[in-house]
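Accompanying notes for the structure given below.
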Amino acid sequence: MYLLKTDKMSCACVGFTCSKHSLCALNILYVMVSLLLMGMAVWGSWFGLVSSFQVVGAVVGVGVFLFLVAVAGLIGALKHHQVLLFFYMIVLFMVFIIQFSVSSACLAITSQQQDQLLEVGWNNSQSTQRDVEKSLNCCGFRQVDLNNTCDAVCFPNHSCVPCAEKIQQHAGEALRFAGGVGLFFSFSEIVGVWLTYHYRNQKDPRANPSAFL
């Protein structure tokens, strides 16, 4: 009888510890991704690859949000904190819905819709226009206007081509890449939600058996 009880306790410890370590590993991955996002945004701004404050701010904001969520999940997993795990599970599920929707839209968007979105984004940000013209060595979106200024190297020689075609070539690949990466992380998030729910309802075998969870 004693051996049977000991075996059950050992199995419970293994299951509890496995769930705890898996959830910690997942949140450590999210911490690394968030730091990578913030580092890439700062690096691009520092070296002049991206001069748009809105773009840099948006990427840094996403990185900070992901970092805070991951830290909350990591603390909740380490301490088996019921409140933190509950809010972490809710927030992660909301992020999954948003990210899955955006990723699916990136993969399903047509070339016509893509062209319209690119033109809207081009017209709404002059700093983005300068970044694209400088990096892709082109001027204007659909036609080159020699009366306007352009940061491209080809502009003084009047040999520039419009940016629309070059942007579309890169945008299609970028959308497919972003959609694929987004889908991968969205499935990892739903795994995190399931793992949090499972771990939250487990009892710590080393704690007081009569403690309320």
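Any read-out appearing in this document is the output of simple, stated calculations on the displayed coordinates, not a laboratory observation. Please read all numbers here as calculations on a predicted model, not as lab measurements. Neighbour counts are summed over all protein chains in view; Cβ atoms, including those assigned to glycine, are modelled from backbone coordinates with ideal geometry.
With neighbours defined as other Cβ atoms within 10 Å of a residue's Cβ, the residues Thr196, Thr110 order from fewest to most as Thr110, Thr196. Taking each residue as 0.36 nm, the span from Arg176 to Leu35 lengthens on full extension beyond its C-alpha to C-alpha distance by 48.4 nm.
Among the trypsin sites (Lys or Arg not before Pro) found in segment 106-194, those both in a DSSP coil and sparsely packed, with 12 or fewer other Cβ atoms within 10 Å of their Cβ, are Arg142. Modelled label positions at Tyr197 and His158, each set 7 Å beyond Cα in the direction of Cβ, lie 6.7 nm from each other. For the pair Ala25 and Phe187, label points projected 7 Å from Cα toward Cβ lie 1.7 nm apart. Stretched out straight at 0.36 nm per residue, the stretch from Asn124 to Leu107 would grow longer than its current Cα-Cα span by 3.8 nm.
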